[in-house]
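Right, one structure below, let's go through it.
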Amino acid sequence: MPSELTRLLLPGGIAIALAATVGWQWSDASGLAGERAAWRERLAADSATLRSARQVAQGVTDSLAALLDGRAARDSASDRPFIVISIADNRLWYRRGEEVLFETRVATGSGKFLEKTGGGGEQWKFETPRGRLVVQRKDIEPAWVPPDWHYVEAAQKRKLELLRLQKGMEVPAAAGAVVTISGSNVVTRYPDGREVPFEVKDGQEIRVGNKLIMPPFGTNQRRYTGVLGANRLYLGDGYGIHGTDAPWTIGQSVSHGCIRVRNEDIETLFRIVDLGTPVYVY
Amino acid sequence: MSPRLILLGAVGALAVVSAGLLARRRALQEELVALRAASDSAVEAAADARLAAEVDRIRLALEAARGEDAQRAPAHLALVLGEGLLTLERGDIVFRSATVQADVPRGIHAIERIEPRLIALAGGLRLTPATPSDTGAPAAGTIRVPRADFDAIRPNLQPGQMAYFF
């Protein structure tokens, strides 16, 4: 009997150990199967999220493509040139889309201030306006009609008193003559009745004693010729792109707000730029 | 049948079952690895799709701004983050381009405040002029713009105008 028991011990022990192993393996496999089921669910959810994200992305991409197609069609239909002016760089570009048709240096507003007459703390600021302007008029041999600030500035520079001349006013001058308005001229009227119109230009304004005379608008003495070059592209509100009799100022911020270019450049621009062309100043 | 034979038979049967379970375990583990990888890949692809949608959404808004009539459209900024390219635009006209250093998130941001050396955007983001002492990457939320470009861009912006980063 003991020897029979001994012969059963080894296979019995192995059987018990195997049974324990199989039990653990079963439990482990069940656990893994549970984990697999959870991951399958998670994958299904992730796949659904992915499909949804892709659908949304595709929708946005389609909208973008449609917008770009529409823009391309519109751009080709209205491929209109325009002017861009950089105040910071004192530079002008005449462009069609990205293509630069003409490029040159300019002078733009100085950004300086000038006190207005009459007190009140009001000031002129000499800056080129930013934003979108339009070529409203193309002028040949443009004359400059100086705004009031020109005379205020000239009087201040020369330490003279500013006098706004009006119709009917007579300003006593030397030898019994008077400075007055006759027709469309500011004239010196001598005691014998002779009238001599003033000839003026920038820097040579009418001066009587310690007074600098500001002629009224509409008189010939309120028009300077030859200072704006051969042409001007008028942009409205007194601003324009024009030539200059001071070419050394080009490339600097020195103007009173207009955009100055060299005389040969304004002739080119006058030739190639159409009326209605947008001008973007930035 | 002798008990010993029964035990040996049981051992054999258990060994077969154990081997089967071992094989099933290996198969389950391999399947789990594949499922995890597929799930990770799906999550990653969904994140990519969301990012692509976000970039396209910003571009869509930007293109809509670019497509506006330049007469009415205010100026805006656009920043291509991958290229570090900042542009000042109005309608579909690009006025100025500048290469910048940026550490800002994608998105559409309104300009809140403009100062001589700062353009502050919603969300605490900011454009600043680069200085010679600047080294290394800019601080989080900052776009460092070359001085000349900053000075040229700043006067053209107003609070409420938009910046598109994509």
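The values are calculated or read from the model by the stated rules, or taken from the named source; none is laboratory data. What you are looking at is a predicted structure, and each value in this text was computed from that prediction instead of being measured. Note: ideal-geometry Cβ built from the backbone for every residue, glycine included; neighbour counts use all protein chains shown. Accessible surface areas use protein heavy atoms only, side chains included; no ligands, DNA or RNA. Shrake-Rupley method; radii C 1.70, N 1.55, O 1.52, S 1.80 Å.
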inquiry  = Checking A:D274 against (1) assigned to a strand (DSSP E or B); (2) surrounded by fewer than 21 Cβ atoms within 10 Å (Cβ to Cβ); (3) not polar (S, T, N, Q): exactly one of these is not met. Which one?
reply    = (1)
query = Using beta carbons and a limit of 7 Å, which pairs, at least six apart or on different chains, have the first residue in region A:28-41 and at the interface with chain B (Cβ under 10 Å from one of its Cβ atoms) and the second one part of a helix (DSSP H, G or I) and among the hydroxyl-bearing types (S, T, Y)?
reply = A:W39/B:S39
message = Take the conditions touching a residue at least 40 places away in the same chain (Cβ under 8 Å), more than 14 Å from every other protein chain (Cβ to nearest Cβ), in contact with a Ser or Thr (Cβ under 6 Å, 6 or more places away or on another chain) and in a loop (DSSP other than H, G, I, E, B) and apply them to A:G257. Does it pass?
response = yes
remark   = Of the residues in region A:187-212 that are farther than 22 Å from A:T117 by Cα and in a strand (DSSP E or B), the one that is most open to solvent (accessible area, probe 1.4 Å) is A:K201
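Per-residue answers, yes or no, for (1) open to solvent by 10 Å² or more (accessible area, probe 1.4 Å); (2) at pLDDT 95 or above; (3) assigned to a helix (DSSP H, G or I):
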residue	(1), (2), (3)
A:V227	yes, no, no
A:R232	yes, yes, no
A:I241	no, yes, no
A:D245	yes, no, no
A:E267	yes, yes, yes
note = The correct count of residues that are of a type in the set (D, E), open to solvent by 60 Å² or more (accessible area, probe 1.4 Å) and not in a strand (DSSP E or B) in region A:115-153 is 3
query = Can you name the residue in region A:1-22 that is surrounded by fewer than 12 Cβ atoms within 10 Å (Cβ to Cβ) and part of a helix (DSSP H, G or I) and, of all such residues, is modelled with the lowest pLDDT?
reply = A:P2
ask   = Within region B:14-32, can you find the residues that are over 14 Å from A:D28 (Cα atoms) and surrounded by 14 or more Cβ atoms within 10 Å (Cβ to Cβ)?
value = B:L14, B:A15, B:E31
request  = Tally the residues that are modelled with pLDDT of 95 or more and outside any strand (DSSP E or B), restricting the search to region B:84-98.
outcome  = 1
key: Residue within region A:35-53 that is farther than 30 Å from B:V33 by Cβ and open to solvent by less than 60 Å² (accessible area, probe 1.4 Å) present   = no
task = Identify the single condition in (1) farther than 30 Å from A:F270 by Cβ; (2) at the interface with chain B (Cβ under 9 Å from one of its Cβ atoms) that A:S86 does not satisfy, given that it satisfies every other one.
result = (1)
inquiry  = Condition first: farther than 15 Å from B:G84 by Cα, within 14 Å of chain A (Cβ to nearest Cβ) and outside any loop (DSSP other than H, G, I, E, B). Now tell me which residues in region B:130-166 satisfy that.
reply    = B:R147, B:A148, B:D151, B:A152, B:I153, B:R154, B:P155, B:N156
ask   = Given the conditions (1) under 30 Å from A:V134 (Cβ atoms); (2) part of a helix (DSSP H, G or I); (3) aromatic (F, W, Y), which single one is not true for A:W39?
value = (1)
query = Just a yes or no: is a residue in region A:57-78 loosely packed, with under 13 Cβ neighbours inside 10 Å, within 14 Å of chain B (Cβ to nearest Cβ) and modelled with pLDDT of 95 or more?
reply = no
query = Which numbered condition trips up B:E54, out of (1) within 9 Å of chain A (Cβ to nearest Cβ); (2) touching a helix residue (DSSP H, G or I) at 6+ places or on another chain (Cβ under 6 Å)?
reply = (2)
